[in-house]
Each structure stands twice: as structure tokens, then as C-alpha cells.
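For reference, the structure discussed in these notes is given below.
The values are calculated or read from the model by the stated rules, or taken from the named source; none is laboratory data. Owing to the predicted nature of the structure, the values given are computational and were not obtained by experimental measurement. Note that each Cβ is placed from the backbone with ideal geometry, even for glycine, and that neighbours are counted across all protein chains shown. Please note that ligands, DNA and RNA were not included when accessible areas were found on the heavy atoms of the full protein model with its side chains. Shrake-Rupley method; radii C 1.70, N 1.55, O 1.52, S 1.80 Å.
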Amino acid sequence: MNSSTTRSTWGATKAGRRGPALWAPAVAIGVLTAGVVGGLTYVFSPSQTPALLALVTAVTTLPVAVALGWAILVAPSSITGAVERPEESVESRWLERASVAALMDGFAMIGLSAGAIVITEVEVAADVVLMALWVLLSVDLGVRYLVLRRTA
Amino acid sequence: MRNTLAERRTGQGWSQARLADILGVSRQTVISLEKGRFDPALPLAFRLARVFDCPIEDLFTPEDWHPEI
């Protein structure tokens, strides 16, 4: 971090500059991302009311997209207590190891699930399967990270 | 990997947080390094050597390493 900047809850600020101003670029990225997602929904949706669906999708995506913008622009190097070289910290190693292990678990989960569905001939909606997979992998990653942190 | 980080740090009168701040890493990283549970990447190892003004091999010693030359 540059010595001419100060740390605040909102991120790195130049002297005399108010912290919340840092949200502007994060919000801009969020609006742009939500707009793109909404646009894609409008173009590809088979719905009878694609405009409404696109609007709802964009609005519900917006908070996550703004958080994404904040994470990209502000969080890595400027929040209070952030380290200068997170990529060299042990937490980065934990995340890397947990991610690799979760990816391997994902391969196994997908393979076993596909095999079970083929054998049992159970009809399952694709969105249900994908959502379940996403939740399982997220929980897997989180638990593995916590275990690594606890045993460190 | 065994290391002498804790001795050298306390010799300087630094806390783990102080060393972490100097290195630009988290305090947990220093804790894990000192316990020997985290082997640093080369850039961090070189910074440690520079901070303590000694060669890297004076800081870190591989476990069970017996070269046959």
C-alpha cells in the first residue's frame, strides 16, 4: 500500500477523500455485470415475458455483482487490516488446497451422480442437479478451508 | 522444514504481528511459519532472509535431508 494513502473501513483513500466514494467504481462494475446478465436472460429466455424475467434477473443479480466489483477493486489491497501480499500468506495456501480438493470431490460427485441417474433411470431436473452440485461443492470448499485453518 | 524464525524474531524484540507487517503477510502466516507447518514461497523466503540479514539456508533446514555426494 502506498504511504500516501490511509486505510479505512471502505478501502484505501487519498488524504481528504471520503471513503464511500470508493463504492462508485464497484457499483459501476455491478450495474454493468447485472445489465449483461439481464441482457443475456432477455435474449436467451424462452419465457413469454422475457423483459420481466430479464429485469428480475438483473435486479437480483445486482447486489452480488456490486459485491464482486467491491471484491475486485477495493478488498484485495485496501480494506482495514488487509495484508500487502495475500498471495504469499498461508490463507492463500489453504484456499488453494481446499479448492483443489473440492474440485476432485466435484469430479467424483458428478461421475457418481451421473452413474446413479443412468442406472436408476430417475428423471431429475437439470436445474435441481446443478443447484445441488453447486451447494455441495460450496459447502465442501468451506468445510475443507475451515479444517485446514483449525489444524494449522 | 525446520527454521529459526521464532528465535530470530524474539531476538529482534518483534511480535509476530510486527514481523507479519514487515513482510506484508498475515500474522497467521508467521505463526504457521514458526511452527514449521507452512513452507514459504521463494519470494517470501528471500524477504525473510533480507529482514534477518542472513542466507536462506541459515533460516530453513530441510527435514531428513542427507545428501550423498
Centroid-to-centroid separation of the range A:92-144 and chain B [C-alpha atoms, Å] = 38 Å
For the protein assembly as shown, with all protein chains present and a 1.4 Å probe, just round the carbon and sulfur fraction of the accessible area to a whole percent.
-> 64 percent
In square angstrom, what is the accessible area per residue of the range A:22-152 with a 1.4 angstrom probe?
-> 67 Å²
Which residue, B:L42, B:L59, B:L33, tops the fluctuation ranking in a GNM of chain B built on C-alpha contacts under 10 Å?
-> B:L42
Over the whole of A:132-141, what's the average partner chain Cβ count within 10 Å per residue? Rounded to a whole number, please.
-> 0
With the full set of protein chains present, the residues of the range B:8-27 whose 1.4 Å probe accessible area falls by 10 Å² or more relative to the chain alone are B:G24, B:V25, B:S26
Which of B:A20, B:L59, B:L5 sits closest to the plus end of the dipole of chain B, meaning its Cα is farthest towards the positive end, when Lys and Arg get +1 and Asp and Glu get -1 on the C-beta?
-> B:A20
Does the protein assembly as shown come out rounded, prolate or oblate by the C-alpha gyration tensor, with a ≥ b ≥ c the root eigenvalues, rounded set by a/c under 1.5 and, if not, prolate when a/b is larger than b/c and oblate if not?
-> oblate
Peptide ranges A:127-135, A:48-56 listed from the most packed, as the mean C-beta count within 10 angstrom indicates | A:48-56, A:127-135
Ignore the peptide's own chain and count Cβ atoms of other chains within 10 Å of each Cβ in B:31-41; give me the average, rounded.
-> 3
Buried on assembly, the range A:87-130 (at least 20 Å² less accessible surface than by itself, 1.4 Å probe) | A:E88, A:S89, A:V90, A:E91, A:R93
Would you kindly state the longest site-free stretch of chain B, with sites defined as GluC sites (Glu not before Pro) in a DSSP loop (not H, G, I, E, B) surrounded by at most 11 other Cβ atoms within 10 Å?
-> B:1-62
Roughly how many debye, to the nearest 20, is the charge dipole of the protein assembly as shown about its Cα centre, given +1 on each Lys and Arg Cβ, -1 on each Asp and Glu Cβ, and no other charges?
-> 1120 debye
Can you give the calculated 222 nm mean residue ellipticity of chain B, where each DSSP H run of n ≥ 4 adds -39,500 (n - 2.57) and the sum is split over every residue, rounded to the nearest 500 deg cm²/dmol?
-> -15000 deg cm²/dmol
